[in-house]
Amino acid sequence: MSDDVLRVRTPIGVDYGWTAGPRSTAYLQGLIDGKLLGKRCPTCTKVYFPPRNGTCPMCGVLLGDDDVEVGPAGTVTTFCVVNVPFLGQKIVPPYVAATILLDGADIGVQHLILGIDADKVRMGMRVEAVWKDSSQWGPTLENIDHFQPTGEPDVEFTDYAGQL
Amino acid sequence: MRDIAVVATAHSAVTSTTETPVESLVPVLNEVLANAGLQRSDVGFWCHGSCDYMIGQPFSFVQAVDALGAWPPIVESHVEMDGAWAMYEAWMKIATGECDTAVVFGNGKSSSADMFAVMALQLDPYTDAPLGLDQVSMAGLQARAALDAGVISERGMAEVAARSRRNAMTNPHALVSGEVSVDELLAAPRLHDPLRMHDLPTPGDGVSALVLAAGDVARSISDRPAWIRAIDHRIDAQRLGGRNLATVASATEAARRCGVGDGRIDVAEIHAPFTHEELLLTAALGIDPSVTEINPSGGALVSNVLMAAGLARVAHAAERVMHGTADRVLAHATQGPCLQQNLVCVMEGE
Ligand SMILES: [Zn+2]
């Protein structure tokens with residue numbers, strides 16, 4: 001019995017190269033340069049930021065080639081207060097993860113809200129991007145450290161109900 | 001049983017693309033729909049074949065729906081197989097009367113990784129995968145078994161490669177083509193003994209798509225639909241040591257159930273990424289090379305878009321019927337290590 005093989009380890013790995021596609025490449029290159037660049041659907045005119053896989057999933061067409069600059073301010077369309085600590089957490093709870101509809105975009109991006117007590121964050125609240133120092137910029141939305149309130153009046157629900 | 005036919009096809013293949021797989025799908029889907037004269041809203045069912053392991057992204061197949069225009073909601077499905085098996089699902093869907101038309105597509109991005117290593121991940125994880133075999137090693141084992149059994153020869157393998165490259169000269173989606181002599185090929189060194197470079201497939205990134213339609217809908221789309229008279233797929237044991245690698249019993253059984261031998265086959269498109277596989281399959285399917293034109297497209301040897309190459313065989317065979325240059329054709333697709341799974345489809349003109 002002691003000679004029986006009870007367990008084997010068979011590690012398997014494959015290295016992959018990932019291609020962002022020309023439309024998301026423009027988005028990633030824009031971030032390196034401190035710009036927020038989306039792409040417009042030629043059929044329904046919605047602006048995708050980020051351009052996802054390069055198509056408008058509603059219409060099934062390729063997004064247009066032209067860059068569409070969005071933000072840097074936007075509107076909180078929905079949010080979640082994070083109270084639970086977890087492994088690898090970078091921020092001390094409670095904090096707010098929100099979906100932010102950048103001005104000029106038709107889909108929201110998820111980001112962090114700081115500069116306001118978590119229990120004061122609300123749907124329709126206006127926020128703006130707070131960028132990291134440009135020496136830290138790379139091809140990532142993490143170039144924006146967080147969003148903070150602008151102090152502008154809240155946006156009416158009906159004005160963003162179509163982009164939730 | 002309803003009459004169901006292939007009525008339109010479209011392909012793309014390049015050595016490597018920087019597009020996302022979803023971006024690459026859109027133009028081919030547009031082309032196949034245009035060839036059928038259909039709008040997206042006319043499509044009763046969408047069925048997709050692909051493999052997440054190819055780009056290393058779980059549930060990547062869900063993203064493919066972004067290429068379809070799924071609003072208002074559509075009816076769609078996916079198989080983690082070559083698109084030929086997606087065609088089988090779509091064929092069943094139409095046969096049950098649930099819809100009259102289906103768009104079938106398969107796509108792959110071979111440039112994402114070492115596909116010979118990726119394809120080895122389908123081996124038994126306890127006994128076979130730890131041996132470190134890749135797909136070429138497995139193919140070499142099968143070629144060696146067949147050579148030793150005396151059922152194929154290295155010259156025969158080189159003849160397959162030379163003919164495939166010659167045929168590829170008229171296939172705009174071939175990634176390698178040209179005139180080359182058998183002696184020239186045999187003078188090259190064995191890279192993966194007994195395999196030489198010409199015995200291996202030419203990997204590509206791309207898409208193949210086709211439209212299936214039933215009865216009068218098919219007749220309204222195409223002047224000469226490629227009617228699917230029989231379709232069947234069978235599976236051999238997965239373990240490489242569990243079967244005689246010099247034969248392909250599942251292909252023989254699928255061909256028998258399709259009645260391949262009941263009449264003349266004008267054209268056979270055989271999904272054989274390696275040269276010896278085509279020779280084994282030709283015998284297993286009961287194809288007579290003196291009567292049947294084999295792989296006029298050049299086959300997977302000249303353009304191996306993984307997860308689309310099997311569906312491409314169906315499409316290329318159907319094109320010959322639709323163009324009126326063949327009456328009865330066979331299409332074959334394979335999956336799994338060393339020809340484990342085999343699908344056979346027989347199509348005819350009106
Ligand atoms: Zn759109």
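Counting only strands (runs of 3 or more DSSP E) that sit completely within segment B:173-286, those holding 2 or more residues that are open to solvent by 10 Å² or more (accessible area, probe 1.4 Å) and aliphatic (A, V, I, L, M) correspond to B:226-235. Is it the case that some residue within segment B:38-47 is within 9 Å of chain A (Cβ to nearest Cβ) and either touching a residue at least 60 places away in the same chain (Cβ under 8 Å) or part of a helix (DSSP H, G or I) (or both)? Scanning segment B:38-47 turns up at least one residue that is within 9 Å of chain A (Cβ to nearest Cβ) and either touching a residue at least 60 places away in the same chain (Cβ under 8 Å) or part of a helix (DSSP H, G or I) (or both). Between B:Leu33, B:Leu25, the distinction of being buried (at least 22 other Cβ atoms within 10 Å of the Cβ), touching a helix residue (DSSP H, G or I) at 6+ places or on another chain (Cβ under 9 Å) and either assigned to a loop (DSSP other than H, G, I, E, B) or within 13 Å of chain A (Cβ to nearest Cβ) (or both) belongs to B:Leu25 only.
The set of residues in segment A:106-147 being farther than 28 Å from A:Gly162 by Cβ and among the aromatic types (Phe, Trp, Tyr) consists of A:Trp131, A:Trp137. Scanning segment A:40-70 for residues that are open to solvent by 10 Å² or more (accessible area, probe 1.4 Å), touching a Lys or Arg at 6+ places or on another chain (Cβ under 9 Å) and more than 11 Å from chain B (Cβ to nearest Cβ) yields a total of 9. Restricted to strands (runs of 3 or more DSSP E) entirely inside segment A:1-90, those with at least 2 residues that are within 16 Å of the ligand (Cβ to nearest atom) are A:37-40. Selection of first residues in segment A:49-76 that are acidic (Asp, Glu) and of second residues that are within 13 Å of the ligand (Cβ to nearest atom), restricted to Cβ pairs under 7 Å at least 6 apart or on distinct chains, gives the following pairs, ordered by first then second residue: A:Asp66/A:Arg40. Across segment A:6-29, the number of residues qualifying as open to solvent by less than 100 Å² (accessible area, probe 1.4 Å), more than 7 Å from every other protein chain (Cβ to nearest Cβ) and more than 20 Å from A:Pro50 (Cβ to Cβ) comes to 1. Kindly establish whether B:Arg144 is more than 14 Å from chain A (Cβ to nearest Cβ), farther than 29 Å from B:Ala13 by Cα and open to solvent by 70 Å² or more (accessible area, probe 1.4 Å). Answer is yes for this residue. Is it fair to say A:Val96 is part of a strand (DSSP E or B), buried (at least 19 other Cβ atoms within 10 Å of the Cβ) and more than 16 Å from the ligand (Cβ to nearest atom)? Yes; evaluated as a whole, the condition is true for this residue.
B:Met157 meets the conditions (1) closer than 24 Å to B:Leu121 by Cβ; (2) out of contact with any strand residue (DSSP E or B) (no Cβ under 7 Å at 6 or more places or on another chain); (3) buried (at least 20 other Cβ atoms within 10 Å of the Cβ) in every case but one. The failed one is (1). Taken together, the residues in segment B:63-90 that are within 14 Å of chain A (Cβ to nearest Cβ) and part of a helix (DSSP H, G or I) amount to 5.
Please verify whether B:Ala120 is away from chain A (no Cβ under 12 Å) and within 20 Å of B:Gly310 (Cβ to Cβ), treating the condition exactly as stated. Give the derivation first.
Working: away from chain A (no Cβ under 12 Å): no; within 20 Å of B:Gly310 (Cβ to Cβ): yes.
No, not satisfied.
Taking segment B:51-62 as the range and being surrounded by fewer than 19 Cβ atoms within 10 Å (Cβ to Cβ) and facing chain A (nearest Cβ under 7 Å) as the test, only B:Gly56 passes.
The values are calculated or read from the model by the stated rules, or taken from the named source; none is laboratory data. Since the model is a prediction, treat every value here as computed from it, not as a measurement. Glycine also receives a Cβ, built like all others from the backbone with ideal geometry; neighbour counts cover every protein chain displayed. These accessible areas exclude ligands, DNA and RNA; they are computed on the full protein's heavy atoms, side chains included. Shrake-Rupley method; radii C 1.70, N 1.55, O 1.52, S 1.80 Å.
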